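K.L.:
First the structure, then my questions, so here it is.
The values are calculated or read from the model by the stated rules, or taken from the named source; none is laboratory data. Because the structure is a prediction, the values reported are computed rather than measured. Glycine also receives a Cβ, built like all others from the backbone with ideal geometry; neighbour counts cover every protein chain displayed. All accessible areas refer to the heavy atoms of the entire protein, side chains included, with ligands and DNA or RNA removed. Shrake-Rupley method; radii C 1.70, N 1.55, O 1.52, S 1.80 Å.
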Amino acid sequence: MKFFKLICFIGLVFLLSVLSADEGPKIMVINSNAAVDKYKIAQEEFTKTISTPVVEIDLGGRKWKIGEIEDLLYDEYPDLVYCIGTKAYLLANKFISDRNIVFSSVINWHRLPLSQKTYGVSSELNPEMQITLYRYIFPGLKRIGVLYSSKYNKHWFNEAQKAAKEMGIEIIGRSLSKRRNTLPELKGLLKEIDALWLISDPVVMSDKKTLIEVFKQCDISKIPILSYHNAFAEYGAMVIVSVDNPTTGRQAAAISREVLSKDVVRKKVQLPAGSHIFFNLKKADEYGLKYREMALSAVNRIIE
Amino acid sequence: MISSGSGKIKIYFYSSETNINNFKSLKMEFDRYLSKFGPYEFQPFSSRAVFEKQVKGKENCLLLLSSWHYRHIHKNYALKPVLTGVRNGKKYQRKILVSSEKPADIEAKPGLVASASSLQYTTSALKGMLKKFAEHTFQVLTVPKDIDALMSVGFGMAKLAFASENAFDELKGVNPRLCNKMKVLAEGEETLRLILALPRGFTANRKKMVDMIKNMSMDSDGRKRIRMLGLDGWQELDSSDRSKLES
């Protein structure tokens, strides 16, 4: 009997050693809410690209108690966690910040608490990328107007102005201190510019009424609006350059592979590698704007 | 009157060389344009496997596919090339490999390659372009457009970009500072652009259909549609093109 038990024990040890030798890195995906399309797409592309089994958690799927998540994270104790959205990242960082964490789909990642093992894909294209793509569609673009508040966007504005200058484009800015200044400042600006670049700024876009009026005034003056979010398509934006969500998931997978293979990750938080372009061709024709016809092959959504 | 069994003749489209992700716009715009000529339907695909499954055994249809893809399937699918796409008057194009790092560093360890082409096409082309790619493992990051691949190198998201020479030239014109940081490390062979092919058993009015595609560049609506495919016209293939394509 003793001999039989010994054989069984040796067999079990052997089996466990074989299993653990075959085991790849343990990867977990935490999605802040998989019902949100862009989060869902990023997750799908990540899992497809990483091509390793992953443990997936949807924080939006049901009501989680904080203790449950804590237990789950410690039980799994993954080698790497891909966190989609701020909520997912904050939880992973709270409990297992000693593990590799890759994030994406986080607005303004600079405000996040980061650890030595934090990596990510930013949700914002930098100003130079955006100007490059606007110029790619409108090669004749020379003067772009920007309404901004120094409180939120001074640094961004300076960076955009510098990048534009290198491309022979002048960024003409109007710094606003009060919400009610948006429309009066826009009126003056419209006389000096070829296009208005609508950026994310709570002082400039304080309410829907102001936003509608900005679009209306630009339309009267036939000044195209360039922007960053697909929500502005319905208001009449001419070109919208935003982040391509499937690419974000693939990029997070590429970073994860580098981290797990202990390669040097040159940039811990990267700019998004893929862009999504919306172009209102109908409006461009109405305004009589000259655009690069070949750029149509790079446009994801065309209104004609 | 042209007609297939289902009443509509389909134009199936899949490109291994470009990551077409404007399917909705492509389909809507092509369908609207083609409806002026008869019962035609444009059907774009994002997956090579699904495209091949759909076209297998079909005879009264048109196929738009890359020259690389055509070479791989024309025998099994009994296809015949009819037209090739043209851009700036040229039937041929070249892919390049661009990096902001020194060639020696790339040879030692290729790293991440950003590409808007399919994974299969990128891998096969890269191995032909740089011997080291046949020896090392390298990762490909699929991006939506050639310009994204090039910007990925310029802004440090990827070590290398696999893109068309045209796209690099265009980016040089838009943002020369960014391109000054990049060097062309290798060039691929010249290949024909998009191919319009017909199944050998095609029985519908061949001339009418081919003319419809060939003449797209003659009117502004047609020109806009073919620009969406990155082309500005169509040309017939000569014997030299055919032999290169089917060799």
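K.L.:
Compute a Gaussian network model of chain B, connecting alpha carbons closer than 10 Å, and tell me which residue from B:Lys91, B:Lys181, B:Lys145 fluctuates the most.
P.N.:
Answer for the Gaussian network model of chain B: B:Lys181.
K.L.:
Just grab the label-to-label distance for B:Asp221 and B:Glu236, each label 7 Å out from Cα along the Cβ direction, in nm (one decimal).
P.N.:
Taking the simple label geometry, B:Asp221 and B:Glu236 are separated by 2.7 nm.
K.L.:
Let me ask something else. Within 10 Å of each candidate Cβ there may be at most 10 other Cβ atoms; applying that plus a DSSP loop requirement, which trypsin sites (Lys or Arg not before Pro) in the stretch A:62-130 survive?
P.N.:
Loop-located and lightly packed - A:Arg62, A:Lys63, A:Lys65.
K.L.:
Once every Cα of the stretch B:95-187 carries one equal point scatterer and solvent is ignored, give the base-10 log of I(q)/I(0) from the Debye formula at q = 0.12, 0.13 Å⁻¹, two decimals.
P.N.:
-0.30, -0.35
K.L.:
Accessible area per residue for the stretch B:95-187 in Å², computed with a 1.4 Å probe and the full protein assembly in place, what is it?
P.N.:
In whole numbers, the stretch B:95-187 has 36 Å² accessible per residue.
K.L.:
Can you list residues from other chains, or at least 5 along the same chain, whose modelled amide H is less than 5 Å from the amide H of B:Glu41?
P.N.:
Those lying under 5 Å, H to H, from B:Glu41 are B:Ile9, B:Lys10, B:Ile11.
K.L.:
Let me ask you something else. Give me the compactness ratio for the protein assembly as shown, meaning the Cα radius of gyration over 2.2 N^0.38 Å.
P.N.:
Against the empirical 2.2 N^0.38 Å value, I get 1.08 for the protein assembly as shown.
K.L.:
Order B:Asp148, A:Asp285 by their accessible area, 1.4 angstrom probe, all chains in place, largest first.
P.N.:
Heavy-atom accessible area, descending, gives A:Asp285, B:Asp148.
K.L.:
Where the convex hull is taken over the Cα atoms of chain A, what is its projected area averaged over directions, in nm²?
P.N.:
20.4 nm²
K.L.:
What relative contact order, as a whole-number percentage, does chain B give when Cα pairs under 8 Å and 6 or more residues apart are counted?
P.N.:
Contact order relative to length: 30 percent.
K.L.:
Give, ordered by residue number, each residue of the stretch A:167-213 whose 1.4 Å probe accessible area is reduced by a minimum of 40 Å² on adding the remaining protein chains to the chain alone.
P.N.:
none
K.L.:
Considering only C-alpha atoms, what is the centroid distance from the stretch A:253-299 to the stretch A:21-61, in Å?
P.N.:
After rounding, the separation between the Cα centres reads 23 Å.
K.L.:
Looking only at the stretch B:210-236, which residues have a backbone nitrogen under 18 Å from a spot 7 Å from the Cα of A:Glu293 in the C-beta direction?
P.N.:
Of the residues in the stretch B:210-236, B:212-236 have backbone N under 18 Å from the label point off A:Glu293.
K.L.:
Quick one: which residues, 5 or more positions from B:Met228 or on another chain, have an amide H under 5 Å from its amide H? H modelled 1.01 Å from N in the peptide plane, none for Pro or chain starts.
P.N.:
Amide H neighbours of B:Met228, under 5 Å, 5+ apart: none.
K.L.:
Can you list the residues of the stretch A:247-280 that have at least 50 square angstrom less accessible area with all protein chains present than in their chain by itself, probe 1.4 Å?
P.N.:
Those are A:Arg250, A:Arg266, A:Ala273, which lose 50 Å² or more relative to the chain on its own.
K.L.:
Let me ask another. Assuming R0 = 30 Å, can you tell me the calculated FRET efficiency for the pair A:Ala233 and A:Lys48, based on Cβ-Cβ distance, to the nearest 0.05?
P.N.:
0.60
K.L.:
For the stretch B:28-87, run through the trypsin sites (Lys or Arg not before Pro) and keep only the ones in DSSP coil with at most 11 other Cβ atoms within 10 Å of their Cβ.
P.N.:
Those that pass, being in a loop and sparsely packed, are B:Lys36, B:Lys56, B:Lys75.
K.L.:
Hey, another quick one. A plus B alone minus the pair: what accessible area, both sides summed, probe 1.4 Å, in Å² to 100?
P.N.:
Summed over both sides, the interface buries about 3500 Å².
K.L.:
Quick one: pull the percent of accessible area on the stretch B:88-201 belonging to carbon and sulfur, 1.4 Å probe, ligands and nucleic acids left out.
P.N.:
Accessible surface attributable to carbon and sulfur in the stretch B:88-201 totals 48 percent.
K.L.:
Under a plain spin-label model, where a point goes 7 Å from the Cα along Cα-to-Cβ, how far apart in nm are A:Lys63 and A:Lys209?
P.N.:
Each label point lies 7 Å from its Cα, and together they span 3.8 nm.
K.L.:
Provide the solvent-accessible area of A:Ile193, counting protein heavy atoms only and rolling a 1.4 Å probe, rounded to the nearest 10 Å².
P.N.:
Taking all protein chains as shown, A:Ile193 has close to 10 Å².
K.L.:
For the protein assembly as shown, give the share of DSSP beta bridges that are antiparallel, in percent and rounded to the nearest 5; count only bridges with both residues there.
P.N.:
Bridges in the protein assembly as shown are about 35 percent antiparallel.
K.L.:
Here is a follow-up. Springs between alpha-carbon pairs under 10 angstrom, Gaussian network model over chain B: which of B:Asp31, B:Asp211, B:Asp146 fluctuates most?
P.N.:
Most flexible of the set in this elastic network: B:Asp211.
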